[in-house]
Structure formats: C-alpha cells, structure tokens
Amino acid sequence: MAHETAVDPGRGLTSEEAAERLARYGPNELRCAEAEPAWRRFLRQFADPLIHLLLAAIVISLVAWFAEGAAGLPVDALVIAVIVIANAVLGFVQENKAENAVAALSDMTATHSTVLRDGRLTDVASSQIVPGDILVLSEGDAVGADGRLLTASSLRVQEASLTGESEAVEKSATPLSDEVPLGDRVNMVYKGTAVARGVGRAVVTGTGMDTEMGRIATLLDETQRDPSPLQQEIAKISKMLGLLVVVIAIVVMGAVALVNGVDSLEEGVDILLMGVSLAVAAVPEGLPAILSLVLAIGVQVMARRNAVMKDLHSVETLGSVSVICSDKTGTLTRNEMTLREIVTASGRVRLTGTGYAPEGDVEIDGGDEAAAEARRLLASGVIANNAQLSRGDDGQWGIQGDPTEAAFLVAQHKLEGVAERVGWYERDAEAPFDSDRKLMSVLGHREDQHRVFAKGAPDVLLGKCVQEQVGRGQRPLTDERRDELSRTIERLSEQGYRTLGVAWREAEDADRDGFDESAEHDLVWVGVVGIIDPPRDEAATAIAEAHGAGIKTVMITGDHPVTAARIARDLGIIEDGSSQRAVTGRDLDALSDGELTDVVRRTSVYARVSPEHKLRIVDALQADKQIVSMTGDGVNDAPALKSADIGIAMGITGTEVTKEAGEMILGDDNYATIVAAVRQGRVIFDNIKKFIRYLLSSNMGEVATVFLGVVLGSFIGLADPGNPGATVVPLLATQILWINLVTDSGPALAMGVDPEIDDVMHRKPRAHDERIIDGHMWGRIIGTGLVMGLTSLVIYDLTLPGGFLGGLEHLVGTDQQLDVARTTVFTSLVMMQLFNALNSRSDMGSAFHHLFTNKWLWLSILGAAAAQVAVVQVPFLQHAFGTTSLDWIHWAVAVGAGLTVLVYEEIVKAVRRAATRR
C-alpha cells in the first residue's frame with residue numbers, strides 16, 4: 001500500500017480520490033463478530049427455564065391426549081404452544097427494537113477525525129478515513145488510523161491500549177533506518193491511541209483490519225460488561241419470585257390432589273398443568289426485554305434533545321445525580337468569544353460586534369502609540385494560534401478550533417494593519433497550550449529575523465516577562481508596574497471578562513534547536529485582552545430548576561477567580577449577598593483530602609484549576625456520599641470523567657478522548673441540556689418502577705386468586721355443582737397463561753414510555769443505594785395482589801352454590817354454573833389488571849390525574865379488553881380457553897370487580913398524600 005500514500009502534504013487527497021479509495025479499501029472499521037442470525041435469536045427466546053416448564057407442559061398434555069385415545073384435538077397442548085410462540089415473538093420483536101435503538105445511538109457517538117482534503121481541514125467520521133489521507137492531530141484527538149508522521153511538535157501519544165506502556169510516548173517525524181519493535185516506532189501513530197499533548201500531521205498508511213489494532217481485534221471481542229445494579233436487582237427479584245411461586249404451586253397442587261383425589265391421568269395432568277402455569281404466570285419473564293426496550297427508547301428521546309447516553313444502564317445513575325460539576329465556557333456561557341478590550345502600556349482599544357462575523361467598530365484611547373501596541377498584540381495572538389475562521393456557503397461565519405483563539409482572528413479584521421503584520425511571519429515550531437502551565441508559544445520568522453510569540457493566563461505570563469512594550473520600544477518591568485498591571489487584569493475580571501496576556505521576544509539560536517516551553521522566558525509584555533462570553537439565557541433557569549430538584553451546581557473554570565465569581569452570581573450559582581468566593585487551584589493544593597471534603601460541601605465555584613484538581617473535587621464529593629456528574633472537553637479531563645458517576649463530554653468542543661471517557665455526550669455543550677437529561681433520566685426511572693409495580697402486583701393477583709380459591713374455597717363451602725365434594729380450582733392453566741400474555745406486555749411497555757406524570761424535579765435525588773423495590777413498594781405490590789385475590793374469591797362466592805353470599809348461581813343452569821363462575825373470575829382478573837395499569841402510573845397521584853396523556857396505554861388497555869371479550873364470546877376460543885358466554889349481569893360484575901382495585905389504590909394514595917402534607 002506504500003504507493004497509495006503518495007500525496008501532497010499541503011493539500012491532502014481530493015474528495016474524488018478519497019471516495020475512490022473508500023470504495024476500494026472499505027470503511028476504516030474493525031471487523032465485528034459475525035451477527036447472530038435472526039432464526040437463532042428467535043430460538044434463544046425459548047431458552048428461559050420458565051419456557052422450558054411450558055414446553056414440558058405441552059409434552060405432558062400430548063402424552064395424556066394419546067393415553068386417552070387421541071380423540072379430537074389436543075386443545076390444552078395447542079393453546080399452550082400458541083401462547084409460548086406468541087411470547088417468543090413478542091420477546092424477539094422487543095429485543096430487535098432495543099438492538100436497533102442501541103445501533104442508532106452508536107452511530108451518534110462515532111468518533112471523528114480532522115483530515116486535510118482539497119487543501120482544507122475537514123472533519124470526517126473516522127470510519128471514512130482512507131490510505132493516503134493526511135491526519136491532523138492535536139491534543140485530545142483519538143488517532144483514527146495508522147499513519148507515518150510528517151510533522152510533530154511536542155507530540156506525545158498515549159499507546160497503552162497497544163503496548164501496555166502507561167507513559168505517553170514522545171513522537172518525532174524523523175524517519176527510522178531500521179526495523180524496530182512497535183513500542184519504539186516513534187515516527188508512527190496508531191489507530192485506537194490518543195494524543196496526550198502537542199500537534200502533528202501524519203499520512204495514513206493503514207485502515208480497518210490493516211491497522212495494528214486490527215491485528216489484535218479478536219482480543220477486544222472477549223470483553224464482557226458486568227450487569228448494572230438495576231439488572232442485578234431485577235435478576236434477584238425474578239429468582240426470588242420463581243422460588244416463592246414454585247413453593248406456592250406445589251402447595252396448591254398438593255391441596256387439590258389431596259382434597260379431590262386423582263382418579264385419572266387427565267385429572268393428574270390438569271393439576272400439573274395448573275401448577276406449571278401458575279409458576280410461569282407469576283414470574284414476569286418478559287421484564288428484562290421490556291426493561292431494555294424502555295431504556296433504549298428513553299435514551300433515544302434524550303439523544304434527540306442533544307444528550308447522547310453511550311450506555312443504556314447509565315440512565316439509572318443519571319436520575320440520581322445530586323451534584324452537577326460544569327465547565328463555564330460554552331456550557332454555562334454561549335461560547336461566542338468576542339474580544340472587546342485591549343489594554344496596553346499607552347492606552348486602551350475597544351472593539352464592537354459580537355460573535356464570529358469580523359465586523360465592528362474600533363475606539364482607540366491613547367493615540368497612535370496605543371494603536372501600534374494593539375496591532376502588535378493582535379498580530380502576536382494570531383501567529384500563536386491554531387484556530388481557523390471561515391465563511392460558509394450560507395454566508396455565516398464559523399470557526400474550527402478553540403473559540404478563544406478564534407476571537408483574535410475576528411479582532412484582527414477590525415483593526416487596520418494587523419493582517420499585513422501577521423503575513424510577515426511564517427511559523428516554524430510550536431509549544432502547544434498546556435493546561436498545567438496555561439500558556440502556548442510559537443517560533444516564527446520573517447526573513448532572517450526569528451521571534452517567540454506567547455499568549456496565555458495573564459498572571460502566569462506576566463511572571464515570565466522582564467520588559468513591557470511601549471510604542472515601538474521596550475522598558476523594564478518594575479515591581480510597581482507589575483502591581484499596576486495586576487490591578488488592570490483584576491478590573492477586567494470584575495467586569496466579567498476572560499483575560500489573556502500576550503508577549504514576545506527575539507529568538508536566539510538555542511530557541512530554534514528543539515523549540516519547546518523552555519523558550520518562555522525573558523519575554524516582552526505587550527498587553528492584556530478582555531474577551532467576553534455572555535451567559536446563556538437558559539442557563540440561569542436551568543440552574544434554578546436543578547436547585548429545586550435538590551441538585552447542587554458547581555462551576556469549575558480556568559478563568560480568573562473574580563471573573564468566575566461574577567459569572568456565578570449572574571447565573572444564580574452563588575446567591576446574592578453571599579460571601580462565598582471562588583476557591584482556586586492553589587487553595588486546593590494546600591488542603592488535605594479530609595479538609596477538601598469539608599470545603600466541597602460549601603463551595604460552588606472553583607477557578608484557576610487544572611484537570612488534576614477536577615479529579616480531586618470529584619473524589620471529595622463522592623466521599624461525601626454525593627452522586628456526581630462532571631463535564632469535560634480536554635484530554636486531561638478524561639480521568640475526572642471516568643471517576644465521576646456520570647462523565648459528560650462536550651460534543652462540540654470536546655476531544656475524541658473525552659467522548660470515549662464519558663457516559664454522556666452533550667450535543668450542544670449546553671448546561672440546560674444536562675438538567676433536561678437529568679429530568680428525562682428521572683422520568684425513565686419512574687417509568688421503570690411503574691411497570692415493575694404493575695407486573696409484580698398483577699402477577700401477585702394471579703397467585704393470590706388461585707391460592708386463596710383453592711385453600712379458602714373449601715373452607716367457606718364453595719362447591720362444584722357437578723362434583724360436590726371436589727375443590728373448585730378458580731382458573732384453568734390456559735386461562736392463567738392468557739392473562740399473562742394479554743395484560744403483561746402491552747400495558748407494561750406503554751407505561752415504559754409514559755410522559756411525566758408527577759413533577760420529578762420537585763423532589764430530592766434518589767440515593768444511589770436505594771433499591772428500586774423498597775419495603776413500601778413491596779407492601780403496595782402485596783396489598784394490590786391480595787385485593788385481587790380476595791375480590792376473585794368474593795366473585796366465586798357470588799356465582800357458585802355454597803359459601804356466604806351466593807345469589808348469581810341461580811341465573812344459569814346447574815351444568816353451567818362452574819363454567820360461568822370461572823369465566824367471570826377469569827374476566828374480572830383481567831379487568832382488575834387493566835385498571836391496575838392506570839393505578840401504577842403514579843406512586844402518590846390519583847389515577848385520574850393526566851388520565852388521557854398516554855395514548856399507547858389506552859390502546860393497549862382497549863386492545864386487551866377486546867381480546868378478552870373475544871375469548872369469552874367467540875365459540876372456538878371458548879373451547880380453547882375453557883370459557884363460556886356471559887350475560888350483562890356477569891359482565892357488570894367483572895367490570896365492577898376491576899374497579900375495586902382502582903378504589904383501593906385511590907384510598908391508599910389519598911392517605912399517603914395526607915401523611916406527606918402533615
């Protein structure tokens with residue numbers, strides 16, 4: 001492939017060449033494991049142990065049918081088989097939808113790279129990189145393909161994913177004469193590694209499976225993710241219920257066998273099928289599939305609102321966030337950096353205009369000398385700069401690179417004579433910006449004149465200066481003048497400006513040999529600029545909303561502490577009248593871990609901090625039992641994002657390394673989107689609790705109906721008119737399975753996409769160790785299940801001879817009494833579960849609150865009700881499910897029974913609301 005790398009390093013490939021090579025070599029992707037065929041995924045739906053019980057039930061039914069002469073159709077076996085297949089189809093469809101949703105989210109979080117094409121820097125998906133592309137690398141980039149370096153300036157690459165070496169490797173564009181091991185190929189960069197520092201350009205030599213990462217791709221497929229706490233809890237609940245219900249089923253089967261006796265194979269099979277069906281119906285085997293689908297749908301909704309969650313199960317943590325640690329620039333502010341003030345030795349220059357359009361007026365206070373100094377300052381800032389300013393086809397101005405650097409590019413067009421001065425110099429080398437030293441510098445030359453240009457944090461840069469520019473000359477910097485400059489910087493910060501200092505000096509021979517940050521000494525101070533980045537209009541509202549939800553907002557910035565405090569007060573992070581000040585990185589360095597834990601409880605603003613400080617802040621907050629989200633955009637932010645409970649990477653300004661480290665990518669870099677995502681996370685978690693409460697309480701109702709009907713039926717004297725001495729079994733096996741099929745999937749899934757019913761942002765965050773099913777919820781589940789069981793028992797008492805009530809048994813003939821009673825109870829239980837779906841939408845709010853806001857729930861309820869009518873009234877379904885037609889009185893009884901669950905829950909909720917108010 002060597003000939004393919006022949007390319008003009010100054011222009012890169014053309015778009016046509018790139019398209020042709022992409023077609024020839026394919027996308028720059030590692031080969032994934034072969035997709036599981038659809039037929040195999042469908043068969044996997046039958047792997048559940050509970051399904052195995054049903055399959056065993058089918059076999060038992062067929063054996064009994066053969067033993068009795070194989071007369072007619074094996075109805076029980078056919079009905080159970082149809083239900084098993086229907087459950088498998090539902091599970092298969094839900095799994096497919098969840099996988100498709102996850103695949104769509106993966107596309108949203110795909111990595112991007114900067115390449116040189118058609119002579120312009122272009123941002124492309126890393127999968128579109130082709131051999132011969134010129135990769136443009138800078139700090140924080142994920143290297144998109146294998147490549148040979150053409151240029152490198154202070155370039156260090158983290159290659160631990162390939163070599164296991166923890167330290168970043170210093171790179172060089174110098175060719176190597178001999179074949180060397182992978183870890184020693186300092187003139188190469190590799191796919192899957194990350195730029196820790198510096199800048200460089202490389203020509204792509206390998207993509208996809210032809211990369212070093214491709215050669216070990218099979219090892220990457222072996223990693224499996226541990227289940228989330230929510231998944232683990234659901235699994236424990238399912239196992240516990242399974243054991244409990246098996247015991248109950250054995251007790252019920254034993255009781256029926258002892259009381260009724262087993263005189264034939266058919267009777268034994270009926271008892272066995274009833275026990276198996278009870279065990280299967282009581283355990284919500286569809287819960288994991290519904291959970292995955294609901295999470296996937298919810299996360300897609302968040303993605304459409306610019307909050308892309310990389311992991312579905314991080315949603316449960318998102319809803320528990322108690323502290324949001326946010327960068328200032330671009331997240332709380334607009335990230336439309338505009339250079340407004342230039343302060344030099346001779347005066348002040350003010351620039352008008354906003355945003356990136358290079359339009360505005362200039363007001364000079366200080367005459368020609370101030371103007372000359374301002375020109376020198378802007379020219380130095382533009383030379384020591386890596387941003388680009390361009391105008392799109394739509395006429396709108398845009399930037400690529402750091403917005404603060406772009407502010408200099410815009411300002412140079414407003415002050416006459418700056419652009420010409422910039423054009424005099426060619427850049428030779430760069431010491432890239434470093435978040436620790438807070439400076440960047442470049443080496444440039446004009447003919448045989450070489451100079452160092454530097455810009456960065458004014459207080460840091462001022463300490464490296466020994467002279468000050470005055471007009472066309474320089475003067476020594478005295479202590480008095482340094483104090484005066486410090487006060488000027490302070491005043492600009494108090495006005496809300498972000499300040500940057502600019503300096504320069506003549507270069508020496510030693511500077512030009514291996515240029516790096518060591519050249520940042522004995523500089524000439526030119527001046528300081530004030531850059532304004534106004535707060536986002538929606539940020540203050542979002543901060544207030546977060547505060548109302550019990551969530552503390554913490555602002556972390558590299559800006560001057562006075563600027564940080566001013567912006568924090570404007571946004572409401574610090575209350576008016578509060579004496580709270582910004583804690584600086586220097587303050588943090590002086591604190592022990594124990595002292596820091598106390599400080600983070602009362603501090604909301606941190607300024608002049610490094611990424612290492614971010615990590616300490618996260619650890620201290622977590623030590624204080626807080627659930628922390630942390631935003632970040634730079635490569636050095638990755639450790640803090642990984643350590644935080646929810647790492648949030650900036651989608652616009654964030655580096656690829658940061659995006660890989662975070663659990664969430666913020667598509668618009670907006671703080672308000674974080675708060676909206678927390679709200680949606682709480683809604684999703686509430687919906688999960690809704691359908692779990694619904695499924696478990698409904699299934700508990702089925703268990704209670706059969707158990708109480710068998711155990712208490714004989715006690716109160718209920719009798720089968722056709723066999724007076726026998727125990728009445730309330731439900732047939734096929735009826736239990738039908739209830740499970742028709743009431744579980746549709747309503748539960750509809751509740752999973754329920755809109756916000758209760759105001760989720762008017763309560764404190766959920767504790768991270770709080771169980772999804774706590775004691776109170778278990779009480780409600782058991783209570784509702786008992787109400788269903790007792791109501792069913794009352795209906796049996798109404799519709800069968802004997803017992804305490806009676807009255808309806810005389811409406812039908814003796815030969816139909818049991819079938820009518822059983823069908824009435826069967827229908828009543830379906831109705832109770834459908835009304836229970838309305839109850840389960842809120843833990844405390846009335847079912848009539850926002851009653852019609854979920855159309856999917858109503859469609860599922862009406863569909864289930866229509867299916868139940870068909871099972872009761874259609875002749876061939878009557879034969880399959882052991883039902884008989886009901887008259888209007890028995891239908892009224894069934895609907896009235898459904899209302900008992902609604903009335904019970906309304907009373908319980910009213911009592912809770914009253915207790916809460918007290």
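When each of Val526, Val554, Val562 is tested for being in the same structural domain as Gln495 (by TED's automatic domain parsing) and not in a loop (DSSP other than H, G, I, E, B), the lone residue that passes is Val526. Of the residues examined, Ala821 is one that is in a helix (DSSP H, G or I), of a type in the set (A, V, I, L, M) and crowded, with 21+ Cβ neighbours inside 10 Å. Remark: Asp511 matches the filter, which requires a residue to be more than 25 Å from Ile342 (Cβ to Cβ) and at pLDDT below 85.
Here is a check on your reading of the model: is Glu363 buried (at least 21 other Cβ atoms within 10 Å of the Cβ), acidic (Asp, Glu) and in the same structural domain as Arg487 (by TED's automatic domain parsing)? In short, no. Within 30 Å of Glu660 (Cβ to Cβ) and either surrounded by fewer than 21 Cβ atoms within 10 Å (Cβ to Cβ) or not β-branched (Val, Ile, Thr) (or both), is that true of Ser610? Here the answer is yes, as Ser610 does meet what is asked. Here Trp856 does not qualify as among the aromatic types (Phe, Trp, Tyr) and under 22 Å from Leu793 (Cβ atoms).
If you check Arg505, Arg491 for being over 30 Å from Arg679 (Cα atoms), in contact (Cβ under 8 Å) with a residue 40 or more places away in the chain, of a type in the set (Lys, Arg) and assigned by TED's automatic domain parsing to the domain that holds Arg350, only one passes: Arg505. Please indicate, with yes or no, whether at least one residue in the range 772-787 is in contact with a helix residue (DSSP H, G or I) (Cβ under 9 Å, 6 or more places away or on another chain), part of a loop (DSSP other than H, G, I, E, B) and modelled with pLDDT under 85. Scanning the range 772-787, I find at least one residue that is in contact with a helix residue (DSSP H, G or I) (Cβ under 9 Å, 6 or more places away or on another chain), part of a loop (DSSP other than H, G, I, E, B) and modelled with pLDDT under 85, so the answer is yes. Note on the range 660-692: residues that are at pLDDT 90 or above and under 30 Å from Val251 (Cβ atoms) total 0. Determine whether Asp637 is surrounded by fewer than 22 Cβ atoms within 10 Å (Cβ to Cβ) and among the charged types (D, E, K, R). It is false that Asp637 is surrounded by fewer than 22 Cβ atoms within 10 Å (Cβ to Cβ) and among the charged types (D, E, K, R). Residue selection: Asp436 fails the criterion of being farther than 25 Å from Gly558 by Cβ and at pLDDT below 90.
Where strands (runs of 3 or more DSSP E) fall wholly inside the range 345-395, the ranges with 1 or more residues that are modelled with pLDDT of 90 or more and of a type in the set (Lys, Arg) are 347-351. Checking Ala544, Ala549 one by one, the residue that is under 20 Å from Ala677 (Cα atoms) and surrounded by 18 or more Cβ atoms within 10 Å (Cβ to Cβ) is Ala549 and no other. Within the range 876-909, being of a type in the set (D, E, K, R) and buried (at least 18 other Cβ atoms within 10 Å of the Cβ) holds for Glu905, Lys909. Under the condition of being closer than 16 Å to Asp559 by Cα and surrounded by fewer than 18 Cβ atoms within 10 Å (Cβ to Cβ), the residues counted in the range 586-607 number 1. If I filter the range 404-415 for residues that are in the same structural domain as Arg482 (by TED's automatic domain parsing) and farther than 26 Å from Ile652 by Cβ, do I get at least one hit? Yes, the range 404-415 contains at least one residue that is in the same structural domain as Arg482 (by TED's automatic domain parsing) and farther than 26 Å from Ile652 by Cβ. All told, Ile574 falls short of being touching a Gly at 6+ places or on another chain (Cβ under 7 Å) and either surrounded by fewer than 18 Cβ atoms within 10 Å (Cβ to Cβ) or of a type in the set (A, V, I, L, M, F, W, C) (or both). Residues of the range 318-339 include at least one that is assigned to a helix (DSSP H, G or I) and either assigned by TED's automatic domain parsing to the domain that holds Val628 or surrounded by 21 or more Cβ atoms within 10 Å (Cβ to Cβ) (or both). Checked against the criterion of being surrounded by fewer than 24 Cβ atoms within 10 Å (Cβ to Cβ) and either free of Cβ contacts under 8 Å to residues at least 12 places away in the same chain or of a type in the set (Phe, Trp, Tyr) (or both), the range 700-717 has at least one qualifying residue. Determine whether the range 682-695 contains at least one residue that is among the acidic types (Asp, Glu), in the same structural domain as Met240 (by TED's automatic domain parsing) and more than 15 Å from the chain's Cα centre (by Cα). The answer is yes; a qualifying residue exists. The number of residues in the range 579-605 that are small (Gly, Ala, Ser) and in contact with a helix residue (DSSP H, G or I) (Cβ under 8 Å, 6 or more places away or on another chain) comes to 3.
The condition of being free of Cβ contacts under 8 Å to residues at least 40 places away in the same chain and assigned by TED's automatic domain parsing to the domain that holds Gly701 holds for only one of Val869, Val830, that being Val869. Restricting attention to the range 396-416 and to residues that are modelled with pLDDT under 85 and part of a loop (DSSP other than H, G, I, E, B), the residue that is surrounded by the fewest Cβ atoms within 10 Å (Cβ to Cβ) turns out to be Gln396. The criterion of at least 1 residues that are within 30 Å of Asp758 (Cβ to Cβ) and not β-branched (Val, Ile, Thr) is met, among helices (runs of 4 or more DSSP H) falling completely within the range 828-918, by 855-873, 888-917.
The values are calculated or read from the model by the stated rules, or taken from the named source; none is laboratory data. Please read all numbers here as calculations on a predicted model, not as lab measurements. Neighbour counts are summed over all protein chains in view; Cβ atoms, including those assigned to glycine, are modelled from backbone coordinates with ideal geometry.
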